[in-house]
Each structure stands twice: as C-alpha cells, then as structure tokens.
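Q: My questions all concern the structure below.
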C-alpha cells in the first residue's frame, strides 16, 4: 500500500451566518498519498476549497472547523494532527512544507510589491534566506524554474505589469520556493485561456517530477483531471461521494452523481450527441436534504436514500462509493 502523507478524518467545517449555519463540509475523509496527484472534483460550492483550506486551518470567521483530524506524516517519521498544533507550529508548516497555489493570481499577489519581493518573502519568512535581498536574488532562479521569460528583469516588475499567465507562474513560483512536500493547487488554470492552461499544467507536472512533490489539485474540469491526476475524490454538497483511480472514475463510475458529471462532458472523438444535464439544483447547505444529499436529483433514489446517510464502502480495490445501491 502507498504511504499516506495526509490523512483527513471526519472533517467538518461550518459557517455561522445571519441566515443560519452553513454546513460547508461534513464528515469528509480521504488520504493523500506520497508522490501522487490527487484531484478533488465537484460542482462550484461543493466544498473543495474549504476542505483544502481547512488542512492548514486557513478558515476565516465566520467559518469554524467543528470536527475532525488532519494527520500529517512528517519527514522524520512523526505524525502530528494539524488541527491541534499551536499557531506557531502550524505557521512553520503552512507555506513551507504545505504550500498553496490559489485560483486567482490577480488577488493572490500584492499590487504594492514587486513579484521578486513577494517570491523572496516566501523564503525569508521560513528562514530559507538571511534577508529579503538574498530572497530577491534567489527569486530569479525560482522564476526561471517556472519558465517566466527574462526573470532577471521580471523580479523588478509589479503584478499589474504582467499578463495573467505570467502572474500565475509567479504564484506557482512562490508556492514551490521552499520545496514543499505537499502543493495544493486550487483551480490554478481557471482564469487563463486554453493555450496558457496547457502550459501551466505541463509546468505543474514537470515541477512535481523534479521536486518529488505531492499535489492536491482542486478543479471542476474533468479534462484536467484525466491529464494530470492518478486518483480522484468526488464531492457533492459538502460530502465525499466517491474515491477511485482515474481509470476507475472515468470507466466505471459508481455514484449516480459521478456518472452524471461524465455524461455532461462533450466527447470530441465521439459522434455528436445530446449532452445530459443534471436535473434540479445544488441544495442549500443551511438546510441540506436528509439522508443522501444527492437524492432529490438522483433517478435511482429510494426511501433509504431519503432517510439514511450512506457511508463510504470499498466496492473494488481502492474504489469507494457512498451510495445505498451498493
């Protein structure tokens, strides 16, 4: 069995709003193995980003982590629960051993500082360099690694002087600057055009191989998943509904939601056919449906689906599904 780097167990995050308690994610459990690219997929609002941010406690008010454990297996062989660490302890890990690439490079970069300063600062904060001057000097090599043209000049640029694709490369550079063990990429290609998307995905794959990193890729683009990931976690309305390898998910989807997602994707190699939509709407997470949260939209729903929450079961090796049909 592959060794886990992160074990997420029964994680729940609620947001306490004036309208009510939003149960953003509930009882989420899955492992991230060393050296793999794990894709976290689902519709907008299903809890992908909340799950990833909860790993290093980046949940801001009115959000609160109400339950669960995040077990992190360190390089020295020890295991720590990231949710129980003191603030100083989690700050040593966040941005250093576990780094993020956020989905909007425009808001990820501070417009008041040069990109070289921002990449260098990521190293200075974690004592990888003596001072910010040395950090900016090393930022040139980091920006060269992410294939930013003319990095010697670009370190002096401010974010508004760069294109969207260049900004995303800078954000990736800041993420890999400290050679993290886990890189969390939150929809890193959403704001980019198709040709730049392909370049960024190739870059992430190359950096993963070079640094032997583990990647948690958050996306709703199944084409990106097929190209880059080894395993997939499918989420719906704050719950994990299916976990499997890319081949298992694409060729033998077990959960009705996973199957419906795949049917909604056009196949450029197949004959022209009518794309199927998923009936209904995403539920309100202040008052989520009882039982299986997908049952109001599921063509196979039974009374058990309406009354009882299904649990994840292993149907075939490494293929889990939360569905009463199994």
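Computed from the coordinates by the stated procedures, all read-outs in this text should not be read as laboratory data. Just so it is clear, the structure is predicted and the values come from calculations on it, not from any experiment. Glycine also receives a Cβ, built like all others from the backbone with ideal geometry; neighbour counts cover every protein chain displayed.
Q: Please give the FRET efficiency for residue 134 paired with residue 66, using the beta carbon to beta carbon distance and R0 = 51 Å, rounded to the nearest 0.05. Before the final figure, lay out the partial values.
A: Numbers: r = 42 Å, r/R0 = 0.83.
Computed FRET efficiency for residue 134 and residue 66: 0.75.
Q: Additional query: Give me the angle, in degrees from 0 to 90, between the Cα long axis of helix 164-176 and the longest principal axis of the Cα atoms of the chain, rounded to the nearest 10.
A: 90 degrees
Q: Could you tell me, in Å, what Rg and Dmax come out for the Cα atoms of the range 57-103?
A: Cα only, the range 57-103: 11.7, 35 Å (Rg, Dmax).
Q: A follow-up question, please. From zero up to wherever the largest Cα-Cα distance of the range 1-142 sits, split into 5 Å bins and tell me the percent of pairs in each.
A: 2, 8, 15, 18, 18, 16, 13, 7, 3, 0
Q: Tell me, what is the Rg over Rh of the range 80-124, with Rh the Kirkwood radius over Cα pairs? Walk me through the numbers on the way to the answer.
A: Working: Rg = 13.0 Å, Rh = 12.3 Å.
Rg/Rh for the range 80-124 comes to 1.06.
Q: Ok, one more. Rounded to a whole number of µm²/s, how large is the Stokes-Einstein D of the range 122-261 at 25 °C and 0.890 mPa s, given Rh as the Kirkwood radius over C-alpha pairs? The partial results should precede the final answer.
A: Values: Rh = 16.8 Å.
The estimated diffusion coefficient comes to 146 µm²/s.
Q: In nanometres, what is the gap between the two model label sites at residue 179 and residue 212, each 7 Å from Cα along Cα-to-Cβ?
A: The answer from the label model is 1.0 nm.
Q: With N set to the number of residues, divide the alpha-carbon radius of gyration of the range 98-154 by 2.2 N^0.38 Å and report two decimals. Can you show the working numbers first?
A: Details: Rg = 11.3 Å, N = 57, 2.2 N^0.38 = 10.2 Å.
Working it through for the range 98-154, the quotient is 1.10.
Q: Please report, in whole Å, how far the alpha carbons of the range 29-86 spread along each principal axis, starting with the longest.
A: Computed over the Cα atoms, the extents are 36, 28, 15 Å.
Q: Could you tell me the extents of the chain's C-alpha atoms along the three principal axes, largest first, rounded to whole Å?
A: Here the spans come out as 65, 51, 45 Å, largest first.
Q: Modelled label-to-label distance, residue 313 and residue 34, 7 Å Cα→beta-carbon offset: nm?
A: With each label point 7 Å from Cα toward Cβ, the separation is 3.4 nm.
Q: On a full-extension model of 0.36 nm per residue, what is the gain between residue 265 and residue 92, subtracting their alpha-carbon distance, rounded to one decimal in nm?
A: Values: separation 173, 0.36 × 173 = 62.28 nm, distance 4.11 nm.
That works out to 58.2 nm of additional length.
Q: Scattering from the C-alpha atoms of the range 144-225 alone, worked out with Debye: what is log10 I(q)/I(0) at q = 0.16 1/Å?
A: Evaluating at q = 0.16 Å⁻¹ gives log10 I(q)/I(0) of -0.61.
Q: Against the longest alpha carbon principal axis of the chain, how many degrees, from 0 to 90 and to the nearest 10, is the axis of helix 194-211 turned?
A: 80 degrees
Q: Just grab the label-to-label distance for residue 275 and residue 113, each label 7 Å out from Cα along the Cβ direction, in nm (one decimal).
A: Placing both labels 7 Å along Cα→Cβ, they lie 4.0 nm apart.
Q: Could you rank the peptides 231-239, 8-16, 299-307 by their average count of other C-beta atoms within 10 Å per residue, with the highest value first?
A: Details: 231-239: 24.8, 8-16: 18.4, 299-307: 13.6.
The densest-packed peptide leads the list: 231-239, 8-16, 299-307.
Q: Continuing with this model, one more query. I need two numbers for the range 74-169: Rg to one decimal and Dmax as a whole number, Cα atoms only, in Å.
A: Over the range 74-169's Cα set, Rg and Dmax evaluate to 15.1, 44 Å.
Q: Calculate, axis by axis, the spread of Cα positions in the range 235-326 along the three principal axes, and write the results as whole Å, longest axis first.
A: 41, 32, 21
Q: At a Förster distance of 41 Å, what's the computed FRET efficiency of residue 144 paired with residue 326, Cβ-Cβ distance as r, to 0.05? It would help to have the intermediate numbers written out before the result.
A: Numbers: r = 50 Å, r/R0 = 1.22.
Approximately 0.25, to the nearest 0.05.
Q: Going by alpha carbons, how many degrees (0 to 90, nearest 10) lie between the helix axis of 132-145 and the longest principal axis of the chain?
A: Orientation of helix 132-145: about 60 degrees from the principal axis.
Q: Where q = 0.11, 0.22 Å⁻¹, what log10 of I(q)/I(0) comes from the Debye formula for the range 190-286, counting one point per Cα?
A: -0.41, -1.31
Q: Moving to a separate point now. Within the range 64-94, which residues have the backbone N less than 12 Å from the label spot 7 Å out from residue 58 along Cα→beta-carbon, could you tell me?
A: 94
Q: Oh, and also: Can you give the helix-only mean residue ellipticity at 222 nm for the chain, where every DSSP H stretch with n ≥ 4 adds -39500 (n - 2.57) and the sum goes over all residues, rounded to the nearest 500 deg cm²/dmol? Show your work: numbers first, answer last.
A: Numbers: 12 runs with 105 residues, N = 326.
The helix-only estimate for the chain comes to -9000 deg cm²/dmol at 222 nm.
Q: Right, here's the next one. Suppose R0 equals 22 Å. What FRET efficiency, 1/(1 + (r/R0)^6) with r the Cβ-Cβ distance, do residue 193 and residue 227 give to the nearest 0.05? Don't skip to the end; give the middle numbers.
A: Details: r = 17 Å, r/R0 = 0.76.
FRET efficiency, residue 193 to residue 227: 0.85.
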